[in-house]
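Nothing in this text is a laboratory measurement; each read-out follows from the coordinates by a stated rule. If you're wondering where the values come from, they're calculated on a predicted model, not measured in any experiment. So basically every Cβ, Gly included, is an ideal-geometry build from the backbone, and we count neighbours across all protein chains shown.
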Ligand SMILES: Nc1nc2c(c(=O)[nH]1)N[C@H]1C(S)=C(S)[C@@H](COP(=O)(O)OP(=O)(O)OC[C@H]3O[C@@H](n4cnc5c(=O)[nH]c(N)nc54)[C@H](O)[C@@H]3O)O[C@H]1N2
Ligand SMILES: Nc1nc2c(c(=O)[nH]1)N[C@H]1C(S)=C(S)[C@@H](COP(=O)(O)OP(=O)(O)OC[C@H]3O[C@@H](n4cnc5c(=O)[nH]c(N)nc54)[C@H](O)[C@@H]3O)O[C@H]1N2
Ligand code: SF4
Ligand SMILES: [Mo]
């Protein structure tokens, strides 16, 4: 058989690198970077080959399955949808719409099927809607909504043009950037320095990114807001701000000046774990650079102060004149200009609460922190999960699995029997990503260059295969209050078939900033993208203020009053001598990502998991010596909510007093279908994180400064060392 090569994208992470997939005899034989891709330019990371591994994985589900006892048996699509419809309608009829919960996971955002995920969410009309966003970028959206008037207006670091890149709690050399999509981040970062710019990384660990930088500042976990407030103090007192830009763009400058008036670097230093002189210099250099940008992500986002820190990041960028200017913090102009319309979406905070009344809804969802409790207290009776694995990916004291098992009914849309979906009554698997045609319409909102790229099918889908959006559409039909159901569902389903996300996207593009409605025949069309070798480049990021801003006066709100109040409370704490320590818990636990792993779900592809156990506790030599630990020995890591046993990995790349353990591991659960993953060591770090510890404003899980204790296994005195036993 002759080989064919097809250009598309790797859709595993936000970078969506262009790939060339070679197929011989229905087998993927090679995956390379596509040099013509307008954004990734030939770059791929080692994960790209997993696209082939996933496609051919014998453990991947290819037909719907129903649980019979502890086994899953294949069933037909029609039978599956009919049963799901009956069961979900029964729960809704008896307990109301909010008794059906829905969780939408991260991979949903990597295909345009997500449009139908939103439609299903609307059809459910439930107050119990959750997404991975509340263990990810919610604080950034919250800040965007309060400062810029739309949650989608999360600024992007213009790293391809900046003179100074300061990375705070992100590791793009491994992650390839998120909410600043930058495939080939390592090269882009090196480029900053090659063109004479400076790169600084502020992170408790000397990360892969820090190794590329001019300077690494090893901040204390959770110390960033203090560092930023003190930087602002220096900027204000030394008159280093861009007053003209502030006057033109912003409101609330007086409140910021008052807030930081007496918060000197000397005061911040013990809280941030960074010398006062370093803080002073960071502020001065940020102001002095031709252009500069603070780029922050999960390390500061998944914190009790997630919202506050992202707010301060935006403020530093704005007051130094770096908002909306090349080389600074900018807003993309994507082909479907969703951010412009974001201000019209229902974004309210507190339209409803969870049943405890502690957590408020934001953009019509509740934080995943309450999912387990809402099931356990009977508020949620049935669940729909779509492309998520919350049992491993969210803090839930190890209790979510049992809660899911106790539901009246649970339907999962996923291609694996995972730690989560093994509790489903029915699992509906979509076709493999290599079998779908798609347009990347969401991520250009956050890319370092404006672009539109296309995904061609590599394989024809199986005759009875469904895409995620088709599955979602059929679920919507089942939830509609239809008369003469047996007859009408067919007609509704046929209508949906005409409204594929590709077609809807084509309409959105036609009406968007580059579309034919605005630009006539020269406009961007799906046909043009399809015919391109690697997508269409739509140029560098362009200034978009003030028109884009959704606030009434079209000014950036520098000082939302509740943010200022919360910051003041934080500073009062410092004035009173700082926060209480961790009593018997003397180390701070943070997260860590690996180049060959992707949250919880590439561990069934052999090339992604070969080599030594990666789920280790990274610890500084001083901390190891103090505990008599040698490299590689098993240790018990214990927090207030649980404990796990993992090997210790000793390295001076981590700040003393801190340990780092990756998430997404712990596949040894009975009945999971990804058999290779289940055979691997590695434990679920999320049993250590307390679900009640959340970002003050958005309720997002705070997993980057959990107090823990580490003991050698022999002396730990715990009975259970094999599983992630919950001790709290
Ligand atoms: N402690 C700690 N926890 C974390 C994080 C951390 O840094 N520390 N990071 C958090 C972050 S940023 C995220 S985004 C979340 C992720 O959290 P989740 O989104 O809940 O989990 P994933 O591990 O991404 O699981 C994805 C699931 O989707 C399935 N899947 C993959 N592709 C498709 C598809 O095309 N269609 C369908 N229907 N299913 C598909 C996979 O089989 C897998 O079961 O984890 C979070 N959890
Ligand atoms: N290889 C790989 N790539 C991925 C993923 C993956 O799982 N694997 N996941 C994808 C997803 S869903 C996302 S959201 C992105 C995430 O992208 P990133 O945010 O770039 O990824 P992380 O590795 O979580 O980076 C967080 C960094 O914050 C640091 N940190 C922890 N606590 C603190 C703190 O208190 N202060 C500061 N300043 N730093 C702190 C950590 O040491 C770490 O280096 O990555 C995406 N890309
Ligand atoms: S960085 Fe790696 S995983 Fe992410 S899209 Fe590119 S090749 Fe795929
Ligand atoms: Mo994420």
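Determine by what factor the alpha-carbon radius of gyration of segment 100-139 differs from 2.2 N^0.38 Å, reporting the quotient. Could you put the intermediate results ahead of the total?
Values: Rg = 10.2 Å, N = 40, 2.2 N^0.38 = 8.9 Å.
The reported ratio for this selection is 1.14.
For segment 1-41, what D do you get in µm² per second when you plug the Kirkwood radius from alpha-carbon pairs into Stokes-Einstein at 4 °C and 1.567 mPa s?
D, rounded to a whole number, is 123 µm²/s.
According to the Cα gyration tensor, what semi-axes, each the square root of 5 times an eigenvalue, does the equivalent ellipsoid of segment 438-500 have, listed from largest to smallest in whole Å?
Equivalent-ellipsoid dimensions as semi-axes: 31, 16, 8 Å.
For residue 554 and residue 243, what is the calculated FRET efficiency with R₀ set at 22 Å and r taken between the beta-carbons, to the nearest 0.05? Show your work: numbers first, answer last.
Numbers: r = 19 Å, r/R0 = 0.86.
So, using R0 = 22 Å, E works out to roughly 0.70.
How many nm is it between the label spots at residue 358 and residue 561, if each spot is 7 Å from the Cα in line with the beta carbon?
Rounded to a tenth, the inter-label distance reads 2.7 nm.
Kindly put 460, 275, 438 in sequence by how many other C-beta atoms sit within 10 Å of each C-beta, fewest to most.
Listing 460, 275, 438 from fewest to most nearby Cβ atoms yields 460, 275, 438.
Could you tell me the center-to-center distance, by alpha carbons, between segment 187-206 and segment 456-526 in angstrom?
Cα centres, segment 187-206 to segment 456-526: 42 Å.
Going from the alpha-carbon gyration tensor of segment 162-267, what semi-axes, largest first and in whole Å, does one get by taking the root of 5 times each eigenvalue?
For segment 162-267, the ellipsoid semi-axes come out as 28, 17, 12 Å.
Taking a ≥ b ≥ c as the square roots of the eigenvalues of the Cα gyration tensor of segment 472-584, is the shape rounded (a/c under 1.5), prolate (a/b larger than b/c) or oblate?
It is oblate, given that a/c is not under 1.5 and a/b is not larger than b/c.
So what is the relative contact order of the chain, in percent, for Cα pairs below 8 Å that sit 6 or more residues apart?
Once divided by the residue count of the chain, the mean separation gives 19 percent.
What relative contact order, as a whole-number percentage, does segment 318-361 give when Cα pairs under 8 Å and 6 or more residues apart are counted?
Once normalised by length, the contact order is 19 percent.
Can you pull the one-decimal nm distance between simple spin-label points at residue 607 and residue 73, each 7 Å off the Cα toward Cβ?
Reported label-point gap for residue 607 and residue 73 is 3.8 nm.
Kindly identify segment 189-232 as rounded, prolate or oblate by the Cα gyration tensor criterion: order the square roots of the eigenvalues as a ≥ b ≥ c, call it rounded if a/c is under 1.5, otherwise compare a/b with b/c, prolate if a/b is larger, else oblate.
Judged from the Cα gyration tensor, segment 189-232 comes out oblate (a/c at least 1.5, b/c at or above a/b).
With Kirkwood's inverse mean 1/r over C-alpha pairs for Rh, give me the Rg to Rh ratio of segment 321-396, two decimals please. Intermediate values should be presented prior to the final figure.
Working: Rg = 17.7 Å, Rh = 15.8 Å.
My calculation of the ratio gives 1.12.
How high is the relative contact order of segment 1-92, in percent, with contacts defined as C-alpha pairs under 8 Å that are six or more residues apart?
Taking the mean separation of contacting Cα pairs over the length of segment 1-92, I get 17 percent.
Please work out the Kirkwood hydrodynamic radius for segment 630-709, using every pair of different C-alpha atoms, and report it in angstroms with one decimal place.
14.3
DSSP beta bridges in segment 578-701, what fraction antiparallel, as a percent rounded to 5? Could the numbers behind the result be given before it?
Values: 8 of 14 bridges.
Among the beta bridges of segment 578-701, antiparallel pairing accounts for roughly 55 percent.
Output the Kirkwood hydrodynamic radius of segment 520-604, Cα pairs only, in Å rounded to one decimal.
One over the average 1/r among Cα pairs gives 20.3 Å for segment 520-604.
Once you order the gyration tensor axes a ≥ b ≥ c over the Cα atoms, which shape class does segment 350-470 get: rounded for a/c under 1.5, otherwise prolate or oblate by comparing a/b with b/c?
Judged from the Cα gyration tensor, segment 350-470 comes out oblate (a/c at least 1.5, b/c at or above a/b).
Give the distance, in whole Å, between the Cα centre of segment 90-110 and the Cα centre of segment 636-714.
Centre-to-centre (Cα) distance: 28 Å.
Taking Cα atoms of the chain, Rg/Rh with Kirkwood Rh, to two decimals?
Result: Rg/Rh = 0.95.
What Rg and what Dmax come out for segment 69-128 when only alpha-carbon atoms are used, in angstroms?
Gyration radius and largest Cα-Cα distance of segment 69-128: 13.7, 35 Å.
Could you give the alpha-carbon Rg of segment 676-718 over 2.2 N^0.38 Å, rounded to two decimals? Mind dumping the intermediate values first?
Numbers: Rg = 14.5 Å, N = 43, 2.2 N^0.38 = 9.2 Å.
Compared with the compact-globule rule of thumb, segment 676-718 sits at 1.58.
Take segment 611-652, drop everything but the C-alpha atoms, weight them equally and run the Debye formula without solvent; then report log10 I(q)/I(0) at 0.23, 0.27 Å⁻¹ to two decimals.
Each listed q maps to, in turn, -0.76, -0.96.
When DSSP beta bridges are limited to those with both residues in the chain, what percentage is antiparallel, rounded to the nearest 5? Write down the numbers at each step before the final one.
Values: 44 of 83 bridges.
Of those bridges, close to 55 percent are antiparallel.
Can you tell me the alpha carbon radius of gyration of segment 212-284 divided by the globular rule-of-thumb value 2.2 N^0.38 Å? Could you put the intermediate results ahead of the total?
Working: Rg = 13.0 Å, N = 73, 2.2 N^0.38 = 11.2 Å.
Dividing the Cα radius of gyration by 2.2 N^0.38 Å gives 1.16.
With both bridge residues required to lie in segment 312-439, what share of the DSSP beta bridges run antiparallel, to the nearest 5%? List each step's numbers first, then the result.
Values: 3 of 12 bridges.
Percent antiparallel among DSSP bridges in segment 312-439 is about 25.
Cut-off is 10 Å between beta-carbons; in what order do 397, 89 appear when sorted fewest neighbours first?
Neighbour counts put them in this order, fewest first: 89, 397.
Using alpha carbons only, what's the Rg to Rh ratio of segment 272-334 with Rh from Kirkwood? Could you put the intermediate results ahead of the total?
On the way: Rg = 12.8 Å, Rh = 12.8 Å.
Answer for segment 272-334: 1.00.
Work out, step by step, the length gained on full extension between residue 622 and residue 349: first 0.36 nm times the residue separation, then minus their alpha carbon distance; give nm to one decimal.
Once the chain is fully extended between residue 622 and residue 349, it gains 93.8 nm.
I need the Debye-formula profile for segment 7-97: one equal scatterer per C-alpha, no solvent, reported as log10 I(q)/I(0) at q = 0.11, 0.20 1/Å, two decimals.
The Debye formula, applied to the Cα set alone, gives -0.57, -0.90.
Can you give the calculated 222 nm mean residue ellipticity of the chain, where each DSSP H run of n ≥ 4 adds -39,500 (n - 2.57) and the sum is split over every residue, rounded to the nearest 500 deg cm²/dmol?
-8500 deg cm²/dmol
Would you mind computing, in nm to one decimal, how far apart the modelled labels at residue 463 and residue 585 are, each placed 7 Å from Cα along Cα→Cβ?
5.7
Over all distinct alpha-carbon pairs, what is the Kirkwood Rh of segment 403-480 in angstrom? Can you show the working numbers first?
Details: mean 1/r = 0.0669 Å⁻¹.
Here the Kirkwood hydrodynamic radius works out to 15.0 Å.
Going by Cα centres, segment 373-388 and segment 114-137 are how many Å apart?
13
Quick one: order 344, 359, 103 by neighbouring beta-carbon count within 10 Å, fewest to most. Could the numbers behind the result be given before it?
Values: 344 9, 359 21, 103 26.
Neighbour counts put them in this order, fewest first: 344, 359, 103.
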